[in-house]
Every structure is written in structure tokens, then in C-alpha cells.
Amino acid sequence: MAIIDLVSWSPQGSKTIYAWRFPETNLSTYTQLIVQESQEAVLFSKGQIMGKFGQGKHTLNTENLPILRSLFGIPFGKKNPFTAEVWFVNKIQTFSIDWAVSKMPIHDPDYNTQLPLVAGGRYGLKVNEAEKFLVKAAGTKTEFTQDDLTSQFFGEFSTKTKSQIAQYVIKHRVGFKYLSAYLDELSEYLKGVLNPFWGNLGLELLQFSITTIDIDKSTEEGKKVAEAIATQASMSITGHTWQQEKMFDVANNAVDGFGNGNGGLLGGLVAMNMMGGMGGGAGVGGGMMNPQYSQPSFGGNSREANGQPAQQEQQVKMVYCSNCSKKFPSTTRFCPHCGDPYNPCPKCGTDNDRHAKRCVSCGAPLQAEGGACPHCNAPLAQGSTFCGSCGKQVQPGDACNRCGATLPPSVKFCPKCGNKR
């Protein structure tokens with residue numbers, strides 16, 4: 001076979017090639033090796049690394065390769081043949097490797113449930129140690145491309161990425177709703193964790209970025225989770241509850257059935273009854289649109305058939321938490337599921353947000369003009385000195401019982417509203 005006098009590599013095409021092996025192995029001590037900019041050449045013979053060459057023109061003789069004499073016993077001078085594999089390593093920096101991982105279940109601290117997530121982004125690599133890269137990554141291939149790299153190490157890369165994202169979320173208690181605000185910080189964290197992995201292959205991780213973390217909608221479970229989150233966001237914006245949402249669906253179906261002639265008289269009566277219940281009217285099942293139909297009533301005294309007041313007994317009923325929408329007994333002061341304080345409506349007992357001005361169920365005012373009791377948070381009538389719910393004093397005794405203004409010891413009438421002391 002003919003002896004090769006010139007060895008070089010000029011990459012062609014648009015694909016990224018990290019390493020390329022020269023097809024011929026018949027070299028001599030007169031062979032010229034040309035290494036272009038951003039390249040490095042490594043020679044192998046009999047399973048050993050003979051030498052490494054950087055940018056420039058080199059003659060493969062015993063002066064540049066002293067190991068030739070021990071491997072082949074080649075003397076100085078003349079055109080002495082020998083066999084060797086020449087690998088060219090591309091050391092250009094690349095920043096265009098896209099990545100994506102799916103089937104990443106993470107327990108979310110906000111929703112207190114497991115969410116199926118997907119994540120994706122881009123990173124860049126550079127060959128830092130040519131010999132290590134060729135031995136651990138390239139192997140026996142004639143060329144090693146970017147696609148070969150991502151395909152060969154996808155399993156390890158995917159496992160490490162999923163694990164580290166999950167650990168970060170758990171350690172820092174970052175919920176799904178706030179993950180987008182931590183993408184930059186999480187990207188830097190993952191870069192530091194993944195850099196040793198690539199470094200073990202002779203590569204350097206120059207850049208790593210996460211561009212998106214979202215619900216995995218490719219599965220049926222993910223679709224249901226995404227729909228539930230969207231529904232919760234809608235209810236939060238409009239101010240209605242999950243129970244009202246379901247009642248609206250039932251009413252709409254009844255109305256549609258009545259309009260199409262499929263519901264008959266019964267469907268029409270049900271639809272009209274539900275719609276009447278929305279306005280608080282009585283009737284057959286009046287008030288059915290009230291989501292708190294199973295809530296306790298804290299209203300006035302009940303009367304027996306003879307018209308005499310009956311002794312009212314507090315009944316333990318289940319209420320829906322205004323924060324997490326889960327049921328809990330009306331006798332508890334805090335929701336056992338999320339710890340949110342129980343703020344009952346004085347009229348119907350519905351749990352309301354502590355900042356709500358009116359009950360979401362019956363519309364009764366929650367924040368009276370007199371404010372709220374500092375001890376039990378119950379509404380106070382204007383000018384109240386004692387709380388009507390817990391009986392504790394809420395104003396000093398020298399306050400006007402009409403407007404609540406502080407009265408000097410010597411006055412007989414309130415200087416603010418004129419009420420007699």
C-alpha cells in the first residue's frame with residue numbers, strides 16, 4: 001500500500017463533528033501533518049498514544065515522535081514507514097445543543113400533590129482534553145458527531161437532570177407557580193452539578209440554560225392536572241368556588257336539555273329551580289346553587305310548632321375551606337388540611353377569606369362598620385364595647401357606645417356625635 005505523505009482534515013457540511021479519524025494508517029517519517037485552527041491531532045499506534053499536535057504543520061519523524069524508536073525501531077534518516085491512526089479533534093465552542101426531559105414527577109409544595117413535569121433548554125460543550133475524549137467517548141467510530149454525543153449519553157444526562165431539578169424544588173420549596181422566576185438560578189445550579197459529568201469525558205460545559213418547565217400534557221394524567229390548575233386560576237380570578245362551578249355545569253346541562261326537548265318537564269323544573277336558587281329564592285330545593293348547602297347555620301333562634309323559641313344546639317357540620325376547598329368540621333378554628341383560620345359567616349357559617357367583605361355564599365356583610373373583634377375576629381356592631389360572639393371587651397369603658405369615640409372623664413355627651421354618655 002502507498003505511503004501517505006500529507007495528513008489533514010477540513011470539515012465539510014453543517015453538522016458539528018467533534019472528532020474525525022484519518023482513513024489511512026500507512027505513514028512515514030516524511031509524512032506532513034497539518035493541523036488547522038481550533039483543531040488538535042492525536043496519534044495512536046498499538047493501543048498507545050504516540051503524540052499530540054496543535055495548530056500548525058508538523059513532520060512525523062522521530063524528533064517529534066520519540067516513541068517511534070521504541071515501537072518500531074525506526075532509525076534516523078530516510079523514509080521509514082510505520083502505521084498509526086491519526087485523529088483530529090475539533091475544539092471549537094458549540095452553544096446549540098437542545099435538550100428536553102419528560103416524565104419528571106415532582107411533589108409540588110404549593111398544590112401539595114405530585115405534578116408530572118417536562119423541562120427543556122440548551123447547552124454548549126467544548127472538547128477540553130482530546131486524549132480523554134477520544135478514549136472515553138469516540139471509541140472505534142470513524143467520526144464522532146454532536147448527535148452521537150447526545151444520543152450516547154442521553155440516559156445519564158437525563159437521569160442527573162431530573163434528579164437535580166427535583167432536589168432543588170424540594171430543598172428550596174419552590175412551587176410550580178413560581179418556577180419561572182427561578183430558571184436563571186436553577187440553570188446555574190445545574191451547570192455546576194453537570195460540569196463534572198462532562199469533565200469526566202474530556203469535555204467542558206460552557207453554558208447551560210433552562211428555557212421552560214411545564215406540565216407534561218402528553219399523558220392523560222398531565223392533561224387532567226393542567227385542566228385543574230387552569231380551573232383553579234379561573235375561580236380565583238372570578239371569585240366563585242368549586243361547588244358553584246359544578247352547580248353551574250348541572251344547571252347549564254338542565255337548561256340545554258330543556259331547550260332541546262330532551263329534558264322534558266322534569267329538566268325544566270330542575271333548571272328553573274337552580275336558577276331561582278341563585279337569587280336566594282325559596283322553592284323546590286331553593287338555594288341549590290348555594291355551594292355551602294351542607295354548612296352550619298348560625299342565624300337566629302328556631303321556633304317550634306307552638307311558636308315558642310326552642311333551645312338552639314350547636315350542630316357539628318362539615319364546611320369547605322376557603323383556601324384549599326377541602327372539608328373540615330365546623331367546630332375547628334383552623335383547617336386541618338392547610339392551617340387556614342376558619343372565618344365563618346355569622347349568617348350561614350360559610351368559611352370565607354379573612355379579607356372578604358361579604359360572604360361568598362349568602363352575601364352577608366363580614367366586616368361590619370364597627371370592625372372585627374381582636375379576640376375572635378367576629379364582626380362588631382358600630383360602637384360596641386363588648387364582642388357579641390365571645391363576650392370579651394373590645395373598647396375601653398370611656399368610649400361612646402354609638403360612634404366609639406373616646407370620652408373625656410368630665411363630659412356627659414359625646415363631643416363627636418352628641419350621644420348621651
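Bear in mind that the values in this text are calculations on the coordinates, not laboratory data. Fair warning: this is a prediction, and the values are worked out from it, not measured in the lab. Here the Cβ positions follow ideal geometry from the backbone for every residue, glycine too, while neighbour counts run over all protein chains shown.
For this structure, a couple of remarks:
- Taking the average, over residues, of other Cβ atoms within 10 Å as the packing measure, peptides 121-127, 321-327 rank 121-127, 321-327 from highest down.
- The amide H of Phe386, built 1.01 Å from its N in the peptide plane, has Val394 as neighbours under 5 Å, considering only residues 5 or more places off or on other chains.
- Inter-part distance, the stretch 111-151 to the stretch 34-79, computed on C-alpha centroids, equals 30 Å.
- Residue-wise HN-Hα couplings along the stretch 134-151, as the Karplus relation 6.51 cos²θ - 1.76 cosθ + 1.60 with θ = phi - 60° gives them from phi, are 5, 6, 8, 10, 5, x, 9, 5, 7, 8, 10, 9, 5, 5, 4, 5, 5, 6 Hz; Gly and Pro carry x.
- By average C-beta atoms within 10 angstrom, highest first, the peptides 131-137, 227-233, 54-60: 131-137, 54-60, 227-233
- Sorting the segments 176-184, 15-23 by their residues' average number of neighbouring beta-carbon atoms within 10 angstrom, most packed first, yields 15-23, 176-184.
- For Tyr18, the amide hydrogen comes within under 5 Å of the amide hydrogens of Phe144, Thr145, Gln146, counting only partners 5 or more places away or on other chains and with H modelled in the peptide plane.
- Applied to the stretch 53-70, the Karplus parametrisation 6.51 cos²θ - 1.76 cosθ + 1.60 on θ = phi - 60° returns per-residue 3J(HN,Hα) values of 10, x, 4, x, 10, 10, 9, 7, 10, 5, 6, 7, 10, x, 5, 4, 5, 7 Hz, with x for Gly and Pro.
- Cut-off under 5 Å, modelled amide H: who pairs with Val319 long-range: Phe328, Ser330
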